[in-house]
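Below is one structure, written out as structure tokens; the observations come after it.
Readers should treat all values here as calculations from the given coordinates under stated rules, not as data from a laboratory. The model shown is predicted, which means the values in this text are computed figures rather than measured ones. Using ideal geometry, Cβ is built from the backbone for each residue, glycine included, and neighbour counts are taken over all protein chains shown.
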């Protein structure tokens, strides 16, 4: 480590980390490594003082903060920022770039967070800082990377268990003096909101079927396929229904809304399933989700496909008979 960065922070008399930019004269400070007294020196105070720093009062062979000291400082700083934001009910916007599609995304890191804890033991993983929802489930894991990156099995654990992984990489001690910026612009987040990005198919985003509700009431207007949103309550909608999705939608409708009938709308701009009550002539409307009475039912669609298949088969046989010069049988 460079000499100019030997002691950019210290411990105060209460054992708390203090950055050089928050240090004050006439206060006692101690080295995080050897715990010997330090002196707060201002820029220009001495031939080597080209920036504010702490130095040992007496001759010492101590080389300054170790990797564990830097890691501990960042971890504690991030924890205090998050704890303060949660206690004061403040949002914490973060921005990151997806390495697959290159798109930039923004989200509120504390959208679902109700509490924060350091070194939470999750058996397979032990995140530096963890955020918990109202049910005390881990929703976000923050890992501080200084020299050793997050292990592959730990990253898979977060993906498999629906935990958002936020990586904060620290390259030098100077970066520790602006932890808020490091937190708001993390080096990576294992979430992509781009529906056409291959990352969406391989990360922790859970594909599911979600209810579309009327804005003016609690009425259900339809069903849509999308991804669950780890940063909020609103899902990421707009995916096209697969055949398996349609079967799942039918099952969900029969179980939760008996008496309703599904009509699949294959509109390119927003492919979704809408359903109307069999007891009502008109279902509640909601913007572009308004059901249309001329849509055929699933039974009608299946019947039409069968009729088309029979006609196509008959046309092929007729064409083959004419080419061969044969005669059609009565």
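At a Förster distance of 56 Å, what's the computed FRET efficiency of residue 265 paired with residue 24, Cβ-Cβ distance as r, to 0.05? For R0 = 56 Å, the calculated efficiency reads 0.25. Residue separation of residue 34 and residue 194 scaled by 0.36 nm, minus their Cα-Cα distance, works out to 52.7 nm of gained length. Projected onto planes of every orientation and averaged, the convex hull of the alpha-carbon atoms in the stretch 68-199 covers 8.0 nm².
Per 0.36 nm of contour for each residue apart, how much would the distance between residue 312 and residue 12 grow if the chain were fully extended, relative to their Cα-Cα spacing? Display every interim value, and only then the final one.
Numbers: separation 300, 0.36 × 300 = 108.00 nm, distance 8.46 nm.
Gain in length upon complete extension: 99.5 nm.
As a rough guide to protection, the peptides 238-250, 220-232, 14-26, 68-80 ranked by mean Cβ packing within 10 Å, highest first, stand as 220-232, 68-80, 238-250, 14-26. For residue 84 and residue 57, a Förster radius of 41 Å and the Cβ-Cβ distance give a FRET efficiency of 0.80, rounded to the nearest 0.05.
How much length, in nm to one decimal, is gained on full extension between residue 76 and residue 124, taken as 0.36 nm per residue of separation minus their Cα-Cα distance? Mind showing how you got there, number by number?
Details: separation 48, 0.36 × 48 = 17.28 nm, distance 2.20 nm.
My answer for the length gained is 15.1 nm.
What FRET efficiency, computed as 1/(1 + (r/R0)^6) with R0 = 25 Å and r the Cβ-Cβ distance, is obtained for residue 108 and residue 178, rounded to the nearest 0.05? Mind dumping the intermediate values first?
Working: r = 20 Å, r/R0 = 0.82.
For residue 108 and residue 178, the calculated efficiency is 0.75.
Please identify which residues in the stretch 120-149 have an amide N closer than 13 Å to a label point set 7 Å out from the Cα of residue 187, following the Cα→Cβ vector. Output list for this probe position: 143-149.
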